[in-house]
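The values are calculated or read from the model by the stated rules, or taken from the named source; none is laboratory data. Here the structure is a predicted model, which is why all the values come from computation and not from measurement. Here the Cβ positions follow ideal geometry from the backbone for every residue, glycine too, while neighbour counts run over all protein chains shown. All accessible areas refer to the heavy atoms of the entire protein, side chains included, with ligands and DNA or RNA removed. Shrake-Rupley method; radii C 1.70, N 1.55, O 1.52, S 1.80 Å.
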Amino acid sequence: SALPTLAAIEAERSVLGAILSAASYDVNAGHRVLDRVIATGLDPNHFYLASNGHLYAVLLAMRDRELPLDPVSVAHELEREEVDPHTFGRLSVLAHEVTAFTPAPRWASIVVETARVRGVIR
């Protein structure tokens, strides 16, 4: 299967960063951005980097339980799961960046399209 482009990897990072940034701004904003990303059809298995996919899956599970999606709450959830250190490291990097959240659905669409090109989506 084809490897993702640098833009696709950046899109993965940006989608997650947008959700975390929005949630840091306002609890409801985090949920609204995640809802808009979900509407693109983005699924955890669409991510090329496993740590990004796992982080997205944790965000989805937290949303289902109506938990806040800010980096501290997500870190607490990851600790409870005794998650892979790569995922925790990914969160740590994303938590220290401020990402615009309006373009999140566009970035999610790039991740979905790249997954299609890689053969993850049939």
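Observations
- Considering the stretch 45-65, and only residues there that are touching a Gly at 6+ places or on another chain (Cβ under 8 Å) and either open to solvent by 70 Å² or more (accessible area, probe 1.4 Å) or under 13 Å from Val83 (Cβ atoms) (or both), the residue that is modelled with the highest pLDDT turns out to be Asn45.
- For the stretch 38-50, the criterion of being among the acidic types (Asp, Glu) and in a helix (DSSP H, G or I) is satisfied by no residue at all.
- The combined condition, being within 11 Å of the chain's Cα centre (by Cα) and part of a helix (DSSP H, G or I), is not fulfilled by Gly89.
- Selection within the stretch 74-86: residues that are in contact (Cβ under 8 Å) with a residue 12 or more places away in the chain and part of a helix (DSSP H, G or I). The member of this set that is most open to solvent (accessible area, probe 1.4 Å) is His86.
- Candidates Ala100, Ala7: the one that is surrounded by fewer than 18 Cβ atoms within 10 Å (Cβ to Cβ), at pLDDT below 95 and not in a helix (DSSP H, G or I) is Ala100.
- Test result for Pro68, open to solvent by less than 70 Å² (accessible area, probe 1.4 Å) and assigned to a loop (DSSP other than H, G, I, E, B): yes
- Any hit, the stretch 45-52, residues being of a type in the set (Ser, Thr, Tyr) and free of Cβ contacts under 8 Å to residues at least 24 places away in the same chain: no
- Single residue of Arg36, Arg13, Arg32 found to be under 8 Å from the mean Cα position of the chain (by Cα), open to solvent by 10 Å² or more (accessible area, probe 1.4 Å), over 19 Å from Gly119 (Cα atoms) and not acidic (Asp, Glu): Arg13
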